[in-house]
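Have a look at the structure below, then the notes.
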Amino acid sequence: MNETLLLEATIPRTLDAWLARFEDGSWRGARVEGWLFEDAAARRAAERRLAAHGVQASFRSAYKPLLHFFLEEVEMAGLVAVTVRYPVHAQAAPQRFLLEAYPLAGLWPQCRFEFVPGGDGLEHEVTLRWQDGREQQARVFAPNRVHTGTAGSALLSPTGWLRVQRADGSLAGDGAEATDYEQAFARIVECVERHDWPRGEPFFKRLDLRVELPGIAQRLALGHETVSSHEALHEDLYFSLLEVFQRRSGRAPGDRRLQPGQIVPDVRAGTGPLRLRVALRGFAPGADAATPDDDRIPLAQLARAPAAARIAREMERLGGERFTATTRQGRTVLGLYRPGPAAPVLVSGGQHANETSGIVGALRAAEALQSASDAHFALIALENPDGYALRRELAAWHPEHMLHAARYTALGDDLEYREQAPWFEREARRQALALSGAQLHLNLHGYPAHEWTRPLSGYLPQGFELWTVPKGFFLILRHHRGWQGEARALLQQVGAALAEVPGLADFNARQLALYERHAGGLPFELVHGMACSVSEVERADSAPVTLITEFPDETVHGEAFRFAHTVQMQAVLAAARAWQRLARRAWAGR
């Protein structure tokens with residue numbers, strides 16, 4: 001496979017550099033405080049090494065410092081109440097540091113957390129109270145810097161920091177230091193920005209970014225919450241480079257029509273110096289690697305995303321009239337149409353290929369719909385096979401990461417927003433609507449099951465701030481002008497039906513409560529205890545009403561994945577039932 005190397009480099013490990021600096025004997029009696037993007041084990045080992053040289057060192061995490069303060073420094077036994085006065089900064093959203101404290105309010109349910117704005121500068125002011133009457137005041141520094149991001153806006157982002165006091169008490173330094181983590185990000189962005197790209201989109205077929213570095217990978221004792229600096233760097237690289245190419249093309253930030261090509265960050269844990277590699281390569285169209293998926297496992301029992309071959313076999317087994325589309329990488333989008341006298345619906349999954357519960361939910365729903373003699377539906381279980389192949393490739397190394405690089409197509413765009421030929425994947429949806437005449441599209445999606453951050457680009461994922469932490473099963477309703485009545489009635493009926501799904505109401509309530517503690521008020525309406533948004537849109541090649549489901553499924557496996565695709569299936573079945581009473585009798589039934 002042809003490859004063009006753009007960058008190959010190593011970056012010295014910041015922690016090693018600090019050790020070399022303070023072990024030389026001239027710093028005996030000094031006090032060193034440092035913040036960087038390393039795990040607790042590496043930081044504790046470095047502290048012990050410096051202690052042997054007479055240096056009192058405290059190395060803390062620059063990523064989510066308040067959370068790590070509680071995980072590493074606070075005596076949690078008997079702690080009953082905490083007040084956190086978090087900072088509010090002019091260059092960040094008012095709730096920025098409250099969100100960065102996530103998920104403190106849920107980790108220790110026996111302890112009452114109170115969050116109030118107004119901390120001093122970049123410090124959290126913390127009051128701790130224990131059951132035995134003890135009280136302690138603490139100040140937790142959150143090192144950040146103001147800079148210009150890849151989208152051109154001013155950002156406040158976590159950064160390394162070094163504070164050094166000599167043995168005589170004088171200050172030898174107190175300021176931001178660009179750590180290895182930050183340097184790796186900056187080198188890759190600079191490499192891409194300076195490259196001589198073609199004048200028009202797409203700029204490449206595949207842009208591979210390989211990073212190996214030490215970092216943080218810690219599962220928390222709450223749901224699927226994970227703190228991973230490696231995953232965060234994947235996210236930051238991917239979306240930052242989208243912003244780079246949006247600016248290069250003269251597009252607005254967040255324009256999902258951008259077609260740069262496939263951007264593939266592969267961020268792996270390593271030791272010692274950081275290793276970077278950036279290369280352009282082509283792709284081999286067609287077959288994906290064989291997988292050992294067992295067809296004897298019923299769809300309802302699947303504990304993780306199935307292989308593309310299993311999805312194809314399930315589509316074949318369902319029967320119906322076939323239609324297909326071809327992706328940029330030469331894969332086939334499979335569709336089927338089952339004509340009948342009922343009001344038709346279009347069911348689709350896998351538009352964003354790292355959101356996998358909807359794929360299984362769509363297949364299970366089609367099985368159930370097919371059992372009715374009057375069934376009338378079109379199905380595209382996997383709309384984005386190229387993205388799905390990339391998700392499977394990356395998940396082999398990073399099964400617990402959300403992998404947003406696999407979200408879009410091999411062109412790098414969101415197929416929902418594609419407006420002109422070549423249609424590639426979008427052609428399947430166009431055929432499905434033309435064949436069925438469906439006035440309702442049930443589009444099954446997912447979103448991160450744990451916190452989503454971009455630590456080097458303002459911390460919150462720009463353009464996706466409402467999705468930074470889980471908030472339960474979420475419904476997005478879009479309708480054409482004049483269809484508001486049917487759309488609203490559908491939302492109410494689907495919400496009522498889903499409220500009866502065992503376990504879902506409690507699941508939603510728990511996640512919404514934690515969301516509200518760390519994000520402030522709920523910026524969306526609730527229908528039967530479920531978060532929803534409703535908007536009017538106009539697009540000629542879309543159904544008059546589209547119901548988008550959003551389950552927090554990215555990274556879930558096992559029983560949690562089974563629950564996710566069961567809820568997706570139930571949403572489809574509830575909507576299809578309700579639509580029989582709401583549809584306008586003008587479809588082209590065949």
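The values are calculated or read from the model by the stated rules, or taken from the named source; none is laboratory data. Values in this document were obtained by computation on a predicted structure and should not be read as measured data. Cβ: placed from backbone, ideal geometry, glycine included. Neighbour counts: every protein chain shown. Protein only, heavy atoms only, side chains kept; ligands, DNA and RNA dropped before computing areas. Shrake-Rupley method; radii C 1.70, N 1.55, O 1.52, S 1.80 Å.
Exactly one residue among Ala167, Ala138, Ala93 is assigned to a strand (DSSP E or B) and at negative phi, and that residue is Ala138.
Thr10 satisfies every condition listed in (1) open to solvent by 40 Å² or more (accessible area, probe 1.4 Å); (2) in a helix (DSSP H, G or I) except (2). In the set Leu512, Leu466, only one residue is surrounded by fewer than 23 Cβ atoms within 10 Å (Cβ to Cβ), assigned to a helix (DSSP H, G or I) and either touching a Pro at 6+ places or on another chain (Cβ under 7 Å) or among the β-branched types (Val, Ile, Thr) (or both); that residue is Leu466.
Checking Arg429, Arg454 one by one, the residue that is at pLDDT 95 or above, open to solvent by less than 20 Å² (accessible area, probe 1.4 Å) and within 22 Å of Pro265 (Cβ to Cβ) is Arg454 and no other. Does Leu526 qualify as being assigned to a strand (DSSP E or B) and surrounded by 15 or more Cβ atoms within 10 Å (Cβ to Cβ)? The answer is no for Leu526.
Residues that are buried (at least 17 other Cβ atoms within 10 Å of the Cβ), modelled with pLDDT of 95 or more and of a type in the set (S, T, N, Q) within region 555-588 comprise Thr566, Gln568, Gln570, listed in sequence order.
Within region 114-146, the set of residues being open to solvent by less than 30 Å² (accessible area, probe 1.4 Å), touching a strand residue (DSSP E or B) at 6+ places or on another chain (Cβ under 6 Å) and not hydroxyl-bearing (Ser, Thr, Tyr) comprises Gly119, His124, Val126, Leu128, Trp130, Ala138, Val140, Phe141, Pro143, Asn144. If you filter region 414-426 down to residues that are surrounded by fewer than 17 Cβ atoms within 10 Å (Cβ to Cβ) and under 27 Å from the mean Cα position of the chain (by Cα), you find that the one that is nearest to Ala576 (Cα to Cα) is Tyr417. I'd like to know if region 500-512 contains one or more residues that are within 30 Å of Glu235 (Cα to Cα) and in contact with a Ser or Thr (Cβ under 6 Å, 6 or more places away or on another chain). No, because not a single residue in region 500-512 is within 30 Å of Glu235 (Cα to Cα) and in contact with a Ser or Thr (Cβ under 6 Å, 6 or more places away or on another chain).
Scanning region 365-421 for residues that are small (Gly, Ala, Ser), closer than 14 Å to Gln351 by Cβ and either without any contact (Cβ under 8 Å) to a residue 24 or more places away in the chain or in contact with a Leu (Cβ under 7 Å, 6 or more places away or on another chain) (or both) yields Ala381, Ala406.
What strands (runs of 3 or more DSSP E), lying completely within region 195-303, carry at least 3 residues that are open to solvent by less than 20 Å² (accessible area, probe 1.4 Å), of a type outside the set (S, T, N, Q) and more than 26 Å from Gly472 (Cα to Cα)?
Answer list for region 195-303: 206-213, 262-269, 274-281.
Collect the residues in region 71-93 that are under 30 Å from Ala154 (Cβ atoms) and open to solvent by less than 20 Å² (accessible area, probe 1.4 Å), keeping them in residue-number order.
So in region 71-93, the residues under 30 Å from Ala154 (Cβ atoms) come out as 84-93.
Once the filter is applied, which keeps residues that are under 30 Å from Ala154 (Cβ atoms) and open to solvent by less than 20 Å² (accessible area, probe 1.4 Å), region 71-93 yields Val84, Tyr86, Pro87.
Note on region 96-135: residues that are in a strand (DSSP E or B), within 14 Å of Leu66 (Cα to Cα) and touching a Pro at 6+ places or on another chain (Cβ under 8 Å) amount to 3.
Within region 170-194, the set of residues being among the acidic types (Asp, Glu) and either part of a loop (DSSP other than H, G, I, E, B) or within 29 Å of Leu6 (Cα to Cα) (or both) comprises Glu177, Asp180, Glu182, Glu190, Glu193.
Can you tell me which residue among Glu516, Glu486 is charged (D, E, K, R) and under 28 Å from the mean Cα position of the chain (by Cα)? When all the criteria are applied, what remains is Glu516. Is there any pair with a first residue in region 150-167 that is closer than 19 Å to Val189 by Cα and a second that is part of a loop (DSSP other than H, G, I, E, B) and open to solvent by 40 Å² or more (accessible area, probe 1.4 Å) whose Cβ atoms are under 6 Å apart and which are 6 or more apart or on different chains, and what are they? Note: pairs meeting the criteria are Ala151/Pro253; Ala154/Gln91; Leu156/His89; Leu156/Gln91.
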